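Please treat every number below as a calculation from the coordinates, not as lab data. What you are looking at is a predicted structure, and each value in this text was computed from that prediction instead of being measured. Here the Cβ positions follow ideal geometry from the backbone for every residue, glycine too, while neighbour counts run over all protein chains shown.
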Amino acid sequence: MDIKLICTSCGEVYKEETNTFRCTKCDEPLELELVSNAKIKAGNMLEQSVLERYSEFYPFLNNKVDISLGEGFTPLLESRFLSKELGIKGVYFKNESQNPTWSFKDRGTITGVIRAMNLGFKGIGTVSTGNMAASVAAYGSKAKIDTIILVKEEIADEKLKPIAIYGSKLVKVIGDYGKLYLESIRLGYDNGFYFINSDSPFRVEGYKTIAYEIFEQLDYKTPDYVLVPTSAGGDIRGIEKGFRELKACGLTDKVPRFIATQATGCAPIATAFKNGKEEIERFNNPRTIAHAIENPYPPSGNQVLRMLKNNGGMAVDVDDDEILNAQKLMAEEGIFGQPASATSLAALIKLKEENYFSDEDIVVNIVTASGLKFTSALDQHALNTITIDIASLADIIKK
Ligand SMILES: [Zn+2]
């Protein structure tokens, strides 16, 4: 399985991975060569895994490894209510909370784990505060491969226990998280452990399936905009690459514009974009309810800026009030996403008020993960219940 990894910044070509997954010349992220001669397999989706259906877009993975937990094939839900409220032709939610570990991470975890197994690594690992940790732990268990999960020392029990249940080696690490991201990949690679961190090339590849599914679900049409809650930058990079591949393969003639959505309390990419900068700066004192995207120095930040520039998209930040409002609005449409996931709808509302969209646009919000992952955020909502005596039941129902 030959691979060609290309530096996203200087274009240097690599025939194999570096032990940092980054360019040795400019230290920017590497990505797999664009696939330009694939098609979507026909057949019954109920009998296929996502990687079987889109296998032609993964020529570098040996798919004989079957460790699927049923990732992908998540619903694309149209909200006619919000479409009417906002005056936008089509408002859709790609509900990634319906993945095996309730977040989009599973799509990238499976491709990363298969890669590790193809290469004969004895173990896998990741560095995460939540969604990715649970995902890697689950697939590590399914694959019966040694799995190390590194988490922040101050992680809350609410997040720790749902990771611990899978039985991986779970280690709380004291120290700088950004440094841990780099060190874990390098030390892991040199010692037989393949760390599938946020923007590692084979993880990013997994997120392409979100694009293929949206394309199929819109009856083989491309939306005008895709809004993606953005932290490290792996998810938005993968989805955008997926659409570029559909175009390169002649399946569609356009790529949607991408909008990276961040929380105002931690917005290194949106800030750099606003200021017309080509590189991100570390965001000081991050503080937001959208913990899942609270990364002060995203490893793919510069590449997201380059991608948005080429794509004609943008980055925007929304504050915690706007996020909570969007989380509630989404729930009223039957979709319960975590606060980070609500940044896409919050950004859609904000940009619509600024007349960024036209009435004829089709927009897709990526709902990255389930609200059940972070129930303490619910304390921030004014949620009402009433208590009655059973004798008053008839009165309440009649009212
Ligand atoms: Zn480079």
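Thinking of region 260-399 as a set of Cα atoms, what percent of all their pairs are more than 17 Å apart?
65
What is the magnitude of the charge dipole of region 1-107 about its Cα centre, with +1 placed on the Cβ of each Lys and Arg, -1 on the Cβ of each Asp and Glu, and no other charges, expressed in debye to the nearest 20? Please report the intermediate quantities before stating the final value.
Working: 14 positive and 17 negative charges, 87 e Å.
Dipole size: approximately 420 debye.
In the chain, if the dipole is taken from +1 on Lys/Arg beta carbons and -1 on Asp/Glu beta carbons about the Cα centre, which of 351, 134, 30 is farthest to the positive end?
Result: 30.
Among 336, 397, 295, whose Cα projects farthest towards the positive end of the dipole of region 273-399, with charges put on the beta-carbon of Lys, Arg (+1) and Asp, Glu (-1)?
Looking along the dipole axis, the top candidate is 295.
How large is the charge dipole for the chain, taken about the Cα centre, if only the Cβ atoms of Lys, Arg (+1) and Asp, Glu (-1) carry charge, to the nearest 20 debye? Each step should come with its number before you reach the end.
Values: 46 positive and 54 negative charges, 141 e Å.
About 680 debye.
For region 273-399, what's the relative contact order in percent, using C-alpha pairs closer than 8 Å and at least 6 residues apart? Please report the intermediate quantities before stating the final value.
Values: 105 pairs, mean separation 26.5, N = 127.
So the answer I get is 21 percent.
For 101, 20, 387, 230, which order do you get if you count the other beta carbons within 10 Å of each Cβ and list the fewest first?
Values: 101 26, 20 16, 387 5, 230 33.
In order of increasing Cβ crowding within 10 Å: 387, 20, 101, 230.
Would you please classify the overall shape of region 105-200 from the alpha carbon gyration tensor, given that a ≥ b ≥ c denote the square roots of the eigenvalues, rounded means a/c under 1.5, and beyond that prolate means a/b larger than b/c while oblate covers the rest? Provide the component values of the computation, followed by the final result.
Numbers: a/c = 1.75, a/b = 1.22, b/c = 1.43.
Note, shape of region 105-200 comes out oblate.
Can you pull the semi-axes for the chain, root of five times each eigenvalue of the Cα gyration tensor, sorted largest first, whole Å?
32, 25, 22
Could you work out the local net charge near residue 217, counting Lys and Arg as +1, Asp and Glu as -1, over the other residues with Cβ closer than 14 Å to its Cβ?
Here the charged neighbours net out to -2.
Among 246, 283, 217, whose Cα lies farthest out toward the positive end of the dipole of the chain, if unit charges sit on the beta carbon of Lys, Arg (+1) and Asp, Glu (-1)?
Checking the options against the dipole of the chain, the answer is 246.
Explain nothing, just the number: dipole magnitude of region 105-200 about its Cα centre with +1 on each Lys and Arg Cβ and -1 on each Asp and Glu Cβ, in debye rounded to the nearest 20.
Result for region 105-200 is approximately 320 debye, rounded to the nearest 20.
Which net charge results for the neighbourhood of residue 266, defined as the other residues with beta-carbon distances under 12 angstrom from its beta-carbon, given Lys and Arg at +1 and Asp and Glu at -1?
Its environment carries a net charge of -2.
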